[in-house]
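Structure first, commentary second.
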2 protein chains.
Amino acid sequence: MLTRKQVQEAQRKALQYMEKAGVVLSPKDRENISVADFGLSDLERQGGQILTFFNTDRISAKIIVLFPWQILPEHWHPAIGKDIGKEEIMRVRWGEIYLYVPGEPTPHPRGRTPEGEEGNFTVWHEIILKPGEQVIIPPQMVHWFQAGEHGAVIDDYSSTARDLQDGFTNPKITRETKIIES
Amino acid sequence: MLTRKQVQEAQRKALQYMEKAGVVLSPKDRENISVADFGLSDLERQGGQILTFFNTDRISAKIIVLFPWQILPEHWHPAIGKDIGKEEIMRVRWGEIYLYVPGEPTPHPRGRTPEGEEGNFTVWHEIILKPGEQVIIPPQMVHWFQAGEHGAVIDDYSSTARDLQDGFTNPKITRETKIIES
């Protein structure tokens with residue numbers, strides 16, 4: 001869970017990153033940045049700041065902001081009904097990310113996972129993405145990613161997003177973020 | 001048709017617009033801007049400059065650049081096989097566009113069609129889109145759009161694009177652009 005103050009602080013910072021990256025926002029967008037801690041209450045190390053431009057029954061687009069070294073925890077987009085699972089294309093606008101997918105583990109990867117959490121990160125084939133670079137993540141593929149030292153701003157294009165139904169490796173994760181008004 | 005020189009000049013100008021709009025491009029993107037005259041050989045008034053980031057069998061994203069008052073001619077995205085037609089979301093990054101869709105014709109619209117071409121523009125319900133504003137264009141909906149006096153840079157998100165199979169109101173239009181090496 002996060003306090004309202006933590007959420008507001010993360011929203012404010014995410015907005016600064018988006019502006020630095022040249023993301024053009026409407027006044028409504030500015031109010032719509034969501035902050036996800038994945039139920040881990042450790043936003044600085046694991047979480048994400050997400051602005052959804054739209055999410056129809058066919059397509060979706062978001063901006064994802066990661067702060068320096070922040071991790072979007074390992075997950076996948078499962079088949080749901082007739083949907084074979086979300087197809088996602090990540091394109092970096094600003095900063096740098098380290099994306100991990102199934103395949104030959106990369107020796108000396110740049111990603112750094114929190115101590116004691118090794119079991120929650122099972123794929124280690126590294127793809128480094130810099131501004132203007134993009135990659136397709138097929139449906140159901142397990143993946144996680146982490147921003148580099150300056151953080152990152154990502155254009156995230158996909159088929160319909162059903163975030164609440166994503167699968168996560170870490171059994172402690174819940175996709176909904178609880179906010180406490182303290 | 002266009003001469004190679006016209007194409008190169010339009011590509012060069014489109015790149016300038018994208019840079020002005022803060023679009024982050026890879027070296028490959030810079031070589032991949034396509035110029036469409038819709039077979040009308042009148043690029044300045046009717047045409048578009050398009051950079052496709054990706055086009056999978058589910059989703060697609062493009063950047064569309066329109067020069068000042070340039071028109072993307074009236075068209076629609078038909079059903080093809082199991083696809084009910086392309087769903088498209090246009091979001092303006094820079095400049096301004098006047099989008100026309102079916103509905104109550106807007107009195108004194110801002111769009112200006114070329115003389116003698118009135119019959120090729122049948123929908124006149126105007127939606128003005130400025131930076132950070134977006135609109136969903138449902139499958140099969142007839143539409144056309146025109147940039148304002150400064151031109152426009154548009155993020156174009158959609159389901160799979162099958163441009164060559166789009167329908168056009170103007171019977172003279174062919175979606176492929178012929179380039180003559182002169």
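The values are calculated or read from the model by the stated rules, or taken from the named source; none is laboratory data. Since we're looking at a predicted model, the values are computed, not measured. Note that we place each Cβ from the backbone using ideal geometry, even for glycine, and neighbour counts take in every protein chain shown. Just the protein is used for accessible areas: all its heavy atoms, side chains included, with ligands, DNA and RNA removed. Shrake-Rupley method; radii C 1.70, N 1.55, O 1.52, S 1.80 Å.
List of remarks:
- Matching residues, the stretch B:134-160, being under 21 Å from B:S60 (Cα atoms), surrounded by fewer than 21 Cβ atoms within 10 Å (Cβ to Cβ) and away from chain A (no Cβ under 11 Å): B:Q140, B:M141, B:V142
- Pairs linking a residue in the stretch B:88-101 that is within 14 Å of chain A (Cβ to nearest Cβ) to a residue that is of a type in the set (F, W, Y), with Cβ atoms under 6 Å and 6 or more positions apart or on different chains, are B:I89/A:F54; B:I89/B:Y157; B:I97/B:F145.
- Per-region count, the stretch A:167-182, residues over 13 Å from A:H75 (Cβ atoms) and either in contact with a strand residue (DSSP E or B) (Cβ under 6 Å, 6 or more places away or on another chain) or part of a helix (DSSP H, G or I) (or both): 4
- Filter result for A:H77 (in contact with a Gly (Cβ under 9 Å, 6 or more places away or on another chain) and either among the acidic types (D, E) or at pLDDT 95 or above (or both)): yes
- Top-ranked residue in the stretch B:27-36 [being free of Cβ contacts under 8 Å to residues at least 40 places away in the same chain and open to solvent by less than 20 Å² (accessible area, probe 1.4 Å); ranked as farthest from the other protein chains (Cβ to nearest Cβ)]: B:I33
- Selection within the stretch B:170-182 - of a type in the set (S, T, N, Q) and either open to solvent by 40 Å² or more (accessible area, probe 1.4 Å) or within 14 Å of chain A (Cβ to nearest Cβ) (or both): B:T174, B:S182
- Scanning the stretch B:55-88 for residues that are among the hydrophobic types (A, V, I, L, M, F, W, C), buried (at least 20 other Cβ atoms within 10 Å of the Cβ) and farther than 19 Å from B:A36 by Cβ yields one hit, B:I59.
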